[in-house]
Amino acid sequence: MAFVTRQFVRSVSSSSTASASVKKIIVKHVTVIGGGLMGSGIAQVAAATGHTVVLVDQTEDILAKSKKGIEESLRKVAKKKFAEDPKAGDEFVVKTLSSITTSTDAASVVHSTDLVVEAIAENLQLKNELFKRLDKFAAEHTIFASNTSSLQITSIANATTRQDRFAGLHFFNPVPMMKLVEVIKTPMTSQKTFESLVDFTKTLGKHPVSCKDTPGFVVNRLLVPYLMEAIRLYERVSDGDASKEDIDTAMKLGAGYPMGPFELLDYVGLDTTKFIVDGWHEIDAKNPLFQPSPSLNKLVTENKLGKKTGEGFYKYK
């Protein structure tokens, strides 16, 4: 009996030590790399929920534009959230903006951050170069995360020496409005890192879903093939299938979608969709869901990328 007791005590002690060793990181300081639409949105929601944020991009001009966009977005949020108290809304905007600083030198600001979120161009080489560099300057406990929507997280993590502290955090556009965040766990991501990121997304007021490091994760893995099939349906219009207008109407009224597939394609950006499909096609060329589209390729070649260029599948003023 004494032996059993001693074994039990040792077991409890060992469990307590293990528990302490996997204590989650409480994210207070966030560095966001990339001042575009996604990066600015991530910086905004982090600052609005009590985190101190450093937003990084290549030039002061880009960062000034980012800060202006964040302020405009915050005022829209404040107008709705503090409709009965405009003064409180103004204070909310000022306080949130005061929590965001900017920098053009990522390496100089990551030494004291808890989390680095990357939201730069969808280019594996650029992401690898960025994280390889930051890995040398970031603190030991700092978690790295990529907001990539299509690239393999493992391939990015392998550029660093902290594969156990690397994961995917895929936010959705527009970040201040969209509640979902996909938390992507690679085979090397530690449970401590994963749980820390889940907790972080919850503090942002988001709803995290867990997924493995598979092409497209959850949403894009289902969404992009749907969009591509809509294009293929439209490409067969000469055989009497359907027009893009009718396809959009059918999916909105028949499936209850807020946007039809062609409206959504133009909103997301045709170049973005093409990039994702081309990447998947390279990985699995025989998969019929990943086949390129002649009409999509033609529009991208003509720089008709959707709403951002004034024309895609539809024309915009």
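The values are calculated or read from the model by the stated rules, or taken from the named source; none is laboratory data. Keep in mind that what you see is a predicted model, and the values were worked out from it rather than measured. No Cβ is skipped: glycine too gets one built from the backbone with ideal geometry, and neighbour counts run over all protein chains shown. Surface accessibility is based on the protein's heavy atoms, side chains included, excluding ligands, DNA and RNA. Shrake-Rupley method; radii C 1.70, N 1.55, O 1.52, S 1.80 Å.
Scanning region 108-133 for residues that are open to solvent by less than 10 Å² (accessible area, probe 1.4 Å) and either part of a helix (DSSP H, G or I) or hydroxyl-bearing (Ser, Thr, Tyr) (or both) yields a count of 4.
With respect to residue 92, determine if the residue is aromatic (Phe, Trp, Tyr) and either open to solvent by 10 Å² or more (accessible area, probe 1.4 Å) or touching a Pro at 6+ places or on another chain (Cβ under 6 Å) (or both).
Working: aromatic (Phe, Trp, Tyr): yes; either open to solvent by 10 Å² or more (accessible area, probe 1.4 Å) or touching a Pro at 6+ places or on another chain (Cβ under 6 Å) (or both): yes.
Taking the combined requirement at face value, the residue satisfies it.
Looking only at helices (runs of 4 or more DSSP H) that fall completely inside region 238-313, which ones have 2 or more residues that are among the charged types (D, E, K, R), in the same structural domain as residue 226 (by the TED database) and within 17 Å of residue 220 (Cα to Cα)? Steps first, answer last, please.
On the way: elements: 244-255, 261-268, 270-283, 294-301.
Output list reads 261-268, 270-283.
When 67, 81 are checked against the criterion of being within 21 Å of the chain's Cα centre (by Cα) and under 18 Å from residue 176 (Cα atoms), a single residue qualifies: 67.
Picking from residues in region 57-70 that are in contact with a helix residue (DSSP H, G or I) (Cβ under 6 Å, 6 or more places away or on another chain) and in a helix (DSSP H, G or I), the one that is surrounded by the fewest Cβ atoms within 10 Å (Cβ to Cβ) is 69.
In region 134-155, the qualifying residues are those that are assigned to a helix (DSSP H, G or I) and open to solvent by less than 20 Å² (accessible area, probe 1.4 Å), and the one that is farthest from residue 173 (Cα to Cα) is 134.
Taking region 74-113 only, how many residues are over 17 Å from residue 30 (Cβ atoms) and either in contact (Cβ under 8 Å) with a residue 60 or more places away in the chain or not assigned by the TED database to the domain that holds residue 177 (or both)? Let's see the steps before the verdict.
Pass one, region 74-113, residues over 17 Å from residue 30 (Cβ atoms): 75-94, 104.
The next check asks that each one be either in contact (Cβ under 8 Å) with a residue 60 or more places away in the chain or not assigned by the TED database to the domain that holds residue 177 (or both); those that pass are 77.
Qualifying residue count for the region: 1.
Which residue is nearest to residue 77 (Cα to Cα), if the candidates are limited to region 44-56 and must be touching a Gly at 6+ places or on another chain (Cβ under 8 Å) and open to solvent by less than 30 Å² (accessible area, probe 1.4 Å)? Residue satisfying both the conditions and the ranking: 45.
For region 202-237, which positions are part of a helix (DSSP H, G or I) and open to solvent by 40 Å² or more (accessible area, probe 1.4 Å)? Step through it out loud before you land on a result.
Within region 202-237, the first condition is being part of a helix (DSSP H, G or I), and the residues that meet it are 202-203, 219-235, 237.
Passing the criteria: 202, 203, 219, 221, 222, 223, 226, 229, 233, 234, 235, 237.
Name the residue that is nearest to residue 137 (Cα to Cα), counting only residues in region 157-201 that are outside any loop (DSSP other than H, G, I, E, B) and among the hydroxyl-bearing types (Ser, Thr, Tyr).
Residues of region 157-201 that are outside any loop (DSSP other than H, G, I, E, B), as a first pass: 157, 163-171, 180-185, 191-201.
Adding the requirement that they be among the hydroxyl-bearing types (Ser, Thr, Tyr) leaves 193, 196, 201.
Numbers: 193: 19, 196: 21, 201: 25 Å.
Among those that are outside any loop (DSSP other than H, G, I, E, B) and among the hydroxyl-bearing types (Ser, Thr, Tyr), it is 193.
Taken over region 238-264, the criterion of being open to solvent by 40 Å² or more (accessible area, probe 1.4 Å), modelled with pLDDT of 95 or more and small (Gly, Ala, Ser) is satisfied by 250, 254, 255, 256. In region 156-196, the residue that is surrounded by the most Cβ atoms within 10 Å (Cβ to Cβ) out of those that are within 18 Å of residue 37 (Cβ to Cβ) and of a type in the set (Val, Ile, Thr) is 181. Taking every residue in region 149-164 that is closer than 14 Å to residue 279 by Cα and pairing it with any residue that is outside any helix (DSSP H, G or I) and open to solvent by 30 Å² or more (accessible area, probe 1.4 Å), at least 6 positions away or on another chain, the pairs with Cβ-Cβ distances below 8 Å are 149/122; 150/122; 150/215; 151/122; 152/215.
Before we move on, is residue 148 hydroxyl-bearing (Ser, Thr, Tyr) and touching a strand residue (DSSP E or B) at 6+ places or on another chain (Cβ under 6 Å)?
On the way: hydroxyl-bearing (Ser, Thr, Tyr): yes; touching a strand residue (DSSP E or B) at 6+ places or on another chain (Cβ under 6 Å): no.
When the stated conditions are applied, residue 148 does not pass them.
Set side by side, the residues 311, 282 differ, and just one is surrounded by fewer than 20 Cβ atoms within 10 Å (Cβ to Cβ), at pLDDT below 95 and not hydrophobic (A, V, I, L, M, F, W, C), which is 282.
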